[in-house]
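Following: one structure in structure tokens, then a few remarks.
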Amino acid sequence: MKVLITGGAGYIGSTIASYGFDAGIEIVVLDDLSTGRPEFVHHGELHVGDIGDTRLVDAIVDRHPDIDAVIHCAARIVVPESMEKPLDYYDNNVAKTISLVRALTARGIHRFVFSSTASMYASSGGEFVDEDSPVAPQSPYSASKHMVERILQDACTAGLMSAVVLRYFNPIGADPDMRSGLQSTNPSHALGKMIEASNASGTFTVTGTTWPTRDGSGLRDYVHVWDLARAHILALQRFDDLVRSSTRAPYQVINLGTGTGTTVFELLSAFESVVDAKLAVTRAEARPGDVAGCAPLTSKAEELLGWSAERSLEQGVADSLAWAPKLAALLAASPSSDAHRGVDR
């Protein structure tokens, strides 16, 4: 089996590529390196360019006519940035995905695994959601993911393709072999900010502490990136059975998560347990686009993929901490690299 991974030089995509390679899958990567890094492409060919460049996609398929499927991870994902630059997010995440789908289906590639987000679910806080729960995106980022899902569903209904959509919240941790991990030196996410505060003896700020959750902080679901990578590869390996089992169209949506969810304060407690130290903490108002949150129910993933999260929250924190000095060494060896790197997902 051969798979094209868009965004395969980013945090999620590169980890999926490593898991797939370990499972005997041939890997081809397409990434514009706006947030990803070539150093994390350990397996297969890296093609540098835009997913909306149909000529490039054609050239990749010409070189690899035996590509069986695509795992689509390439996207901009920073919620506050999406509030400031909504048109950029809709152009990059939605319009260019349409171009990608057109180019692939025109060349006979009809299997599409979409790395989506669970942040689109409507929630008043502290809730558990399944795949049929209402959605109400609160940011251009999550709205762009929801738009792509609808586009894929309509294309599947029209018989143009088949798709499996994987919705999840926050990835943490790193490849267990430390081949790749989080790439941001200026993180916007909670765990990255905790590591930053710990290393600098600084202060960690909890943004949003009056949500209607069990402790007032946002409810998320922190899933080890290696578990997420395993789910993507399982979706690829079971793809045909998954889409055949759908009652509506060759289109399947599956939640990924721990099944319990974690609040920001609970993540803080786990972090302090791993580092055996207390962080200085302040509280602040929620950021634009933030939501109270929810946690995805995962019975469908267990039933259809045979998947459940195996690695603990503490393991994810420990692996993230172990990865941080490796990233610092890599950046020191590549001084010309951009100072700010986001998360390709």
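The values are calculated or read from the model by the stated rules, or taken from the named source; none is laboratory data. Please read these numbers as outputs of a predicted model, since none were measured by experiment. Here Cβ is always computed from backbone atoms with ideal geometry, including for glycine, and neighbour counts include all displayed protein chains.
For the structure I just gave you, tell me whether D88 is farther than 18 Å from L182 by Cα, touching a helix residue (DSSP H, G or I) at 6+ places or on another chain (Cβ under 7 Å), acidic (D, E) and surrounded by fewer than 17 Cβ atoms within 10 Å (Cβ to Cβ). Let's see the steps before the verdict.
Details: farther than 18 Å from L182 by Cα: yes; touching a helix residue (DSSP H, G or I) at 6+ places or on another chain (Cβ under 7 Å): no; acidic (D, E): yes; surrounded by fewer than 17 Cβ atoms within 10 Å (Cβ to Cβ): yes.
So D88 fails the test.
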Working carefully through the options V28, V41, find the one that is crowded, with 19+ Cβ neighbours inside 10 Å, more than 23 Å from K326 (Cα to Cα) and either in contact with a helix residue (DSSP H, G or I) (Cβ under 6 Å, 6 or more places away or on another chain) or among the β-branched types (V, I, T) (or both).
V28
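Would you call S119 farther than 19 Å from D221 by Cβ and either touching a Ser or Thr at 6+ places or on another chain (Cβ under 7 Å) or acidic (D, E) (or both)?
Details: farther than 19 Å from D221 by Cβ: no; either touching a Ser or Thr at 6+ places or on another chain (Cβ under 7 Å) or acidic (D, E) (or both): yes.
Considered against the rule, which asks whether it is farther than 19 Å from D221 by Cβ and either touching a Ser or Thr at 6+ places or on another chain (Cβ under 7 Å) or acidic (D, E) (or both), S119 comes out as no.
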Could you give every pair whose Cβ atoms fall below 9 Å, whose first residue belongs to the stretch 75-86 and is closer than 20 Å to G36 by Cβ, and whose second residue is among the charged types (D, E, K, R) and not in a loop (DSSP other than H, G, I, E, B), counting only separations of at least 6 or pairs across chains?
A75/K145; R76/D88; I77/K145; E81/D88; S82/D88
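Taking the stretch 112-148 as the search range and keeping residues that are outside any strand (DSSP E or B) and of a type in the set (V, I, T), which one is nearest to A249 (Cα to Cα)? Quick ask: steps written out before the conclusion?
Narrowing the stretch 112-148 to residues outside any strand (DSSP E or B): 116-120, 122-126, 130-134, 136-148.
In the following step, the residues that additionally are of a type in the set (V, I, T) were identified as 117, 148.
Numbers: T117: 21, V148: 16 Å.
Selected residue: V148.
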All-but-one check, R220 against (1) more than 27 Å from M1 (Cβ to Cβ); (2) surrounded by fewer than 21 Cβ atoms within 10 Å (Cβ to Cβ); (3) basic (K, R), failing number (2)
Can you tell me which condition P171 does not meet? The list is (1) modelled with pLDDT of 90 or more; (2) surrounded by fewer than 18 Cβ atoms within 10 Å (Cβ to Cβ), and all the others hold.
(2)
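Conditions (1) crowded, with 20+ Cβ neighbours inside 10 Å; (2) within 23 Å of the chain's Cα centre (by Cα), marked per residue:
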residue	(1), (2)
L191	yes, yes
T203	no, no
T210	no, no
T213	yes, no
G216	no, no
L228	yes, yes
Of all helices (runs of 4 or more DSSP H) completely enclosed by the stretch 238-315, which ones contain at least 2 residues that are touching a Pro at 6+ places or on another chain (Cβ under 6 Å) and among the aromatic types (F, W, Y)?
none
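Name the single residue that is farthest from A9 (Cα to Cα) among those in the stretch 61-80 being modelled with pLDDT under 95 and not in a loop (DSSP other than H, G, I, E, B). Full working, then the answer.
Narrowing the stretch 61-80 to residues modelled with pLDDT under 95: 77-80.
Adding the requirement that they be not in a loop (DSSP other than H, G, I, E, B) leaves 79-80.
Details: V79: 21, P80: 23 Å.
Among them, the one singled out is P80.
Which one of A122, A118, A163 is over 20 Å from W226 (Cβ atoms) and either without any contact (Cβ under 8 Å) to a residue 40 or more places away in the chain or touching a Pro at 6+ places or on another chain (Cβ under 7 Å) (or both)? Quick ask: steps written out before the conclusion?
Working: A118 fails: over 20 Å from W226 (Cβ atoms); A163 fails: either without any contact (Cβ under 8 Å) to a residue 40 or more places away in the chain or touching a Pro at 6+ places or on another chain (Cβ under 7 Å) (or both).
Answer to the check: A122.
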Residue by residue through the stretch 39-60, note down the ones that are at pLDDT below 95 and in a helix (DSSP H, G or I).
E39, F40
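Tell me, please, whether a residue that is among the aromatic types (F, W, Y) and either under 20 Å from I16 (Cα atoms) or free of Cβ contacts under 8 Å to residues at least 60 places away in the same chain (or both) can be found in the stretch 39-56.
To start, the set of residues in the stretch 39-56 that are among the aromatic types (F, W, Y) comprises 40.
Restricting the remaining residues to those that are either under 20 Å from I16 (Cα atoms) or free of Cβ contacts under 8 Å to residues at least 60 places away in the same chain (or both) gives 40.
Yes: one or more hits.
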I need a count of the residues in the stretch 1-23 that are buried (at least 24 other Cβ atoms within 10 Å of the Cβ) and free of Cβ contacts under 8 Å to residues at least 40 places away in the same chain.
1
